[in-house]
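Every number here is computed from the coordinates shown, using simple stated rules; none is lab data. Computed from a predicted structure; not experimentally measured. Heads up, the Cβs are rebuilt from the backbone with ideal geometry, glycines too, and the neighbour counts pull from every protein chain shown.
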Amino acid sequence: MSWIVLVLSGILEAVWATALGKSEGFTKLWPSVVFGVALVASMGGLAWAMREIPTGTAYAVWVGIGASLTVAYAMITGDESFSLIRVLLILGLVGCVVGLKLVGND
């Protein structure tokens, strides 16, 4: 269950990171609200998952999921340029996250 919560928290990290960018320095209401709600839920889920998953592993997985999804979303929406090398690097990051789960001792 901790791993499911951790993955969901990583997804919420991508949500709050994207909303933070869309909030334009907290000058837009709804992106700012989405940021706040997703941030609290993401951090809460990370904290909950860390009761059973070691801190280093949990944090690396959380950041890796959030960063990968944030960049992928930005490329899909056209906010960032798409390139094969970017996709390969994101896949490498995802591979490292999966690797942490596979070699973990939990």
What is the spin-label model distance, in nm, from Leu102 to Arg86 if the labels are put 7 Å beyond Cα along the C-beta direction?
2.7 nm
Per-residue HN-Hα couplings for the range 68-82 [Karplus 6.51, -1.76, 1.60; θ = phi - 60°; Hz; x = Gly/Pro]
4, 5, 5, 5, 4, 4, 5, 6, 5, 7, x, 6, 10, 6, 9
I need the fraction of alpha carbon pairs in the range 41-106 separated by more than 18 Å, rounded to a whole percent.
44 percent
